[in-house]
Each structure stands twice: as C-alpha cells, then as structure tokens.
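Asks: Below is a structure I'd like to ask you about.
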C-alpha cells in the first residue's frame, strides 16, 4: 500500500479503498486486492465515516464497502460518496446472503454487490471489467 496521499506511481492501476469494520475481513479483502494484477491497495479503513474522510485524498477508482457496519452502514456511505460527486466506483461486499441484505443496497448507487467469500483476484478482475461497462442505477449481483 502506498503512503496515504502520495501520488500514484501508475495511473493505469486500479486504486482500491477497502472499508470494513472487521479487521480480518479488511485484511483478507486487502490481500486479494494486492494479489490482483493491475490493482493497488490505496487504503483500508474500519468505518463509513473514515471512508468519507479519506476518499478525496486517496482518490480510489474502486471502493469495496461492507454492507453492515456500526455508524454509517455501507449503503449510507455509498449514498454519501455518490452525493459528494466522487467518481469512485462503489461495490458493496457482504458476508450475508442477498435476501438478508437491506433494500437500500439496490438504491444507494452501488455498481454491484459481492459476497465476501467470493473475493479473489479472478473475481476482482471480472468485477472491474463488468462495472466498466454501462450499467443500470440499481446494484447488480455478480454472477457466480
């Protein structure tokens, strides 16, 4: 991970901010990001509030955002990111099955919803390709 606020060495890389209140999940998702060709872990924070604080400075291309967190949850944080005008693509991640997720995952402006157990370099590459294509406003699950 590069130093916070440091200029990117290669703007072609996909800078990723990981947001999850669980340290183990942040580490696992961060490791997958680091192992993904063309991706760079630019930050890792434990809350939606922290994500909003560092977003402008880190300027990630992709935000991997946990759905269920204390304080600002994932959909609330995603809505705030969208309202801020940031161009980051937000993907919600959850350890919970889709039917257990709040309806707000579909209306907050997220590009997709990904099951945490599916986070891997291969899935991140496929996810990045899918969110680069034109998409609807509703969050779309990534097919397994």
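The values are calculated or read from the model by the stated rules, or taken from the named source; none is laboratory data. A quick note: this is a predicted structure, and the numbers were derived from the prediction, not measured. Reconstructed Cβ throughout: ideal geometry from the backbone, glycine too, with neighbour counts over all protein chains shown.
Asks: Would you be able to say whether some residue in the stretch 62-71 is in contact (Cβ under 8 Å) with a residue 12 or more places away in the chain, in contact with a strand residue (DSSP E or B) (Cβ under 8 Å, 6 or more places away or on another chain) and at positive phi?
Replies: no
Asks: Same structure, new question: If you go through the stretch 50-61, how many residues are without any contact (Cβ under 8 Å) to a residue 12 or more places away in the chain and within 11 Å of the chain's Cα centre (by Cα)?
Replies: Number of matching residues: 0.
Asks: If you take the residues in the stretch 22-49 that are assigned to a helix (DSSP H, G or I) and in contact (Cβ under 8 Å) with a residue 40 or more places away in the chain, which one is surrounded by the fewest Cβ atoms within 10 Å (Cβ to Cβ)?
Replies: Going through the qualifying residues, I end up with 35.
Residues are listed down the side, and each one gets a yes or a no for (1) at pLDDT below 95; (2) part of a helix (DSSP H, G or I); (3) surrounded by fewer than 23 Cβ atoms within 10 Å (Cβ to Cβ); (4) touching a strand residue (DSSP E or B) at 6+ places or on another chain (Cβ under 8 Å):
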site	(1), (2), (3), (4)
82	no, yes, yes, yes
87	yes, no, yes, no
90	no, no, no, yes
99	yes, yes, yes, no
104	yes, yes, yes, no
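Asks: While we're on this one: Among what's in the stretch 50-59 and is touching a helix residue (DSSP H, G or I) at 6+ places or on another chain (Cβ under 9 Å) and closer than 18 Å to residue 26 by Cβ, pick the residue that is surrounded by the fewest Cβ atoms within 10 Å (Cβ to Cβ).
Replies: Among them, the one singled out is 52.
Asks: Quick check, is residue 72 surrounded by 17 or more Cβ atoms within 10 Å (Cβ to Cβ) and assigned to a loop (DSSP other than H, G, I, E, B)?
Replies: Answer is yes for this residue.
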